[in-house]
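Worksheet: the structure to be examined is printed underneath.
Bear in mind these aren't lab numbers, they're just calculated from the coordinates by the rules spelled out. All values derive from a computational prediction rather than experimental measurement. Note that we place each Cβ from the backbone using ideal geometry, even for glycine, and neighbour counts take in every protein chain shown.
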């Protein structure tokens, strides 16, 4: 019985060590947001409510689901053209239907950078 318990504990710890991280680092996400060689998000977005070329990002994770944000990060133009309910609501809210001209292009954001960026955006709550 004792060896079974030890084996179970060892198996759990092994599984825990091999599990992917489900959380990011908001500070690293802020660096990604500001870095012109990586995200360069700050060239069009403020991290508060002010509008630059694109909308301010304060509260963006309250306005949109993580699923939709991931879809938008991967391909903004395709997302804008989609019939996804969040896209349709956004078009109505901003009163735009044409695809916005954007420097955001398809991005292959590494999983770690994506999670860091999401944690940073979650820190920008209203």
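With q set to 0.19, 0.31 Å⁻¹, the log10 of I(q)/I(0) for segment 32-76, from the Debye formula over equal scatterers at the Cα positions, is -0.62, -1.17. The ranking of 84, 45 by Cβ neighbour count inside 10 Å, starting from the fewest, reads 84, 45. For segment 26-122, the Cα gyration tensor yields ellipsoid semi-axes of 21, 14, 13 Å (square root of five times each eigenvalue, largest first, whole Å). Modelled spin-label separation between residue 101 and residue 46, with each label point placed 7 Å from Cα along the Cα-to-Cβ direction: 2.2 nm.
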